[in-house]
Amino acid sequence: MKVLVTGGAGFIGSNFVHRTLATRPDAEVTVLDLLTYAGSLSSLEGVRDRVRFVEGDVADAEVVDPLVADADVVVHFAAESHNDNSLADPSPFIRTNIVGTFTLLEAARTHDVRYHHVSTDEVYGDLELDDPKRFTEDTPYTPSSPYSASKAGSDHLVRAWVRSFGLRATISNCSNNYGPRQHVEKFIPRQITNLIDGVRPKLYGDGLNVRDWIHVDDHNDAVWTIVEKGRPGETYLIGADGEVNNRDVVRLVLELMGRDPDDYDHVTDRAGHDRRYAIEAGKLRQELGWAPRYDTFRDGLAATVEWYRENEAWWRPQKDATEAKYARTQKVLGR
């Protein structure tokens, strides 16, 4: 099988490439990535000689069309995905997440190529902390930020191309990922790398916002399950029953790194901060037979802490630039 992976030098995409080559060694993998600040060829270290890499923009039809024409399946990870960045400047999110998806859909339609669209649970908005419900495939879309709105728009485009043109496509909406090779701007690696540098963790608001965490390998195994067994036109939610509030995540990171669990600071909350995400993945489990490999969030987080401890050469070049950018973003947002 020839697989085109967009965003394959980013966090989830690069882990998908590693996982694919480990579990499907005969796959021919092409990676398309623009190598923005969130993508790095270092994330493909160890498999670089086994993939074809193309540096390019998913919104550029001249780049995209021949790559899709040469593929059996497209797995579309490429996305602008940082909420704070979308509040400071929404325009890259519209280009990559909406125009980029449109460009890929048109190429997949032209060449009749199987297409899988990787999306997020953030398109559903949020839930109250005491709400017993979880998101399902039938939950209405109520995005809260420019990022989640752009992903919601891309999901709607996929559904329209399925219905209007018969595109062989599936969608997955996943809960929050964690694991190796995640950019240090993101919540968990930011806390881990800050602690390695002796910096106290910081929590937005009261820290009680709940995310439904899943290890990136479990997510990517689910994506392959959908690609191979999913019904075209269907949406599948991916989750591992990993609901934990941000305060408890920080406390667990501190504990795993030998620190006092209360050694953190609160900072002003961000605008539009969703309160709770929770995924009901029963359709994926029951219809397609998927189950997560990691038994608990603690197990996966412990492995993640060790990866960052052992791979400082990977994340250190990001750190100074990210902290400077973070400070500028907070200033723009008035924090």
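What follows is calculated from the coordinates using simple rules that are stated; it is not laboratory data. Just so it is clear, the model here is predicted, and its values are computed rather than measured. Methodologically, a virtual Cβ is constructed for each residue, glycine included, from the backbone with ideal geometry; neighbour enumeration extends over all protein chains shown.
Is the shape of segment 99-155 rounded, prolate or oblate, going by the alpha carbon gyration tensor and its root eigenvalues a ≥ b ≥ c, with a/c under 1.5 for rounded and a/b larger than b/c for prolate? The partial results should precede the final answer.
Numbers: a/c = 4.41, a/b = 2.26, b/c = 1.96.
Prolate.
What longest range of the chain stays clear of loop-exposed GluC sites (Glu not before Pro) (DSSP non-H/G/I/E/B, at most 15 other C-beta within 10 angstrom)?
Value returned for the longest uninterrupted segment is 138-335.
How charged is the neighbourhood of THR193? Take every other residue with its Cβ under 9 Å from the Cβ of THR193, and add Lys/Arg as +1 and Asp/Glu as -1.
On the way: positive: ARG190, ARG316, LYS319; negative: ASP197, GLU312.
Summing Lys/Arg as +1 and Asp/Glu as -1 gives +1.
Checking the cross-link filter: which aspartates and glutamates have an alpha carbon closer than 16 Å to that of LYS151, excluding same-chain neighbours under 8 positions apart?
GLU80, ASP84, ASP89, ASP121, GLU122, ASP126, GLU137, ASP274
Kindly provide the helix-only [θ] at 222 nm of the chain, computed as the sum of -39,500 (n - 2.57) over DSSP H runs of four or more divided by all residues, to the nearest 500 deg cm²/dmol? Walk me through the numbers on the way to the answer.
On the way: 11 runs with 137 residues, N = 335.
That calculation yields -13000 deg cm²/dmol at 222 nm.
Starting from a Cα-only point model with no solvent, please compute log10 I(q)/I(0) by Debye for segment 84-232 at q = 0.18 1/Å.
The Cα Debye sum returns log10 ratios of -1.27.
What are the chymotrypsin sites (Phe, Trp or Tyr not before Pro) within segment 1-51 that DSSP puts in a loop, where the Cβ has at most 13 other Cβ atoms within 10 Å?
Values: sites: PHE11, PHE16, TYR37; in loops: TYR37.
Those that pass, being in a loop and sparsely packed, are TYR37.
Using the Karplus curve 6.51 cos²θ - 1.76 cosθ + 1.60 with θ = phi - 60°, what ³J(HN,Hα) values do you get for each residue of segment 182-193, in whole Hz, with x for Gly and Pro?
8, 4, 6, 6, 7, 4, 5, x, 5, 5, 4, 6
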